[in-house]
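Attaching a single structure in structure tokens format; questions to follow.
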Amino acid sequence: MNKQKWIPTNYQKDRLISCTKRYIYQKLNELQKEIECPNEFIFDFIKDIQQDWDSNSYKLKAENLQKNQL
């Protein structure tokens with residue numbers, strides 16, 4: 001199977017991706033202020049979310065298994 005690297009369009013980068021990045025950054029800042037946690041907590045929080053998109057994650061493996069069963 002030929003897997004090509006996905007590259008976003010300029011529109012996606014300039015509008016959708018940058019807007020989403022700003023939104024996430026704002027929400028993380030709000031969370032940090034609300035619960036008064038250190039930067040390390042936010043870093044670990046992001047890593048925990050990131051793992052859900054890892055190609056070896058159980059979440060993605062389960063989703064792919066479900067798709068293949070349909």
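Coordinate-derived values only; no laboratory data. Everything quoted here is computed from the prediction, not taken from an experiment. Every residue, glycine among them, receives a Cβ derived from its backbone with ideal geometry; neighbour counts consider all protein chains shown.
HN-Hα J couplings of region 49-58 from phi, Karplus 6.51/-1.76/1.60, θ = phi - 60°, integer Hz, Gly and Pro as x?
For region 49-58, the Karplus curve yields 5, 4, 4, 5, 9, 5, 4, 9, 6, 5 Hz.
Rg/Rh for the chain to two decimals, with Rh computed the Kirkwood way over all alpha-carbon pairs.
Details: Rg = 16.4 Å, Rh = 15.0 Å.
Ratio of gyration radius to Kirkwood radius: 1.09.
Count neighbours as other Cβ atoms within 10 Å of each site's Cβ, and list the GluC sites (Glu not before Pro) in the chain that are DSSP loop with at most 13 such neighbours. Mind dumping the intermediate values first?
Working: sites: Glu30, Glu34, Glu36, Glu40, Glu63; in loops: Glu36.
Listed in order of number, the matching sites are Glu36.
If you don't mind, another one. Mind listing the phi-derived Karplus ³J(HN,Hα) values for region 29-42, rounded to whole Hz, using 6.51, -1.76 and 1.60 with θ = phi - 60°, and x for any glycine or proline?
Taking θ as phi minus 60°, the curve returns 4, 4, 4, 4, 5, 5, 9, 6, 9, x, 4, 4, 5, 4 Hz for region 29-42.
Report, in deg cm²/dmol and to the nearest 500, the calculated mean residue ellipticity at 222 nm for the chain, where each DSSP H run with n ≥ 4 adds -39500 (n - 2.57) and the sum is divided by the residue count.
Numbers: 3 runs with 43 residues, N = 70.
For the chain, the value works out to -20000 deg cm²/dmol.
Next up: Please list, ordered by chain and number, the residues whose modelled amide H lies under 5 Å from the amide H of Ser57; skip anything fewer than 5 residues away on the same chain.
none
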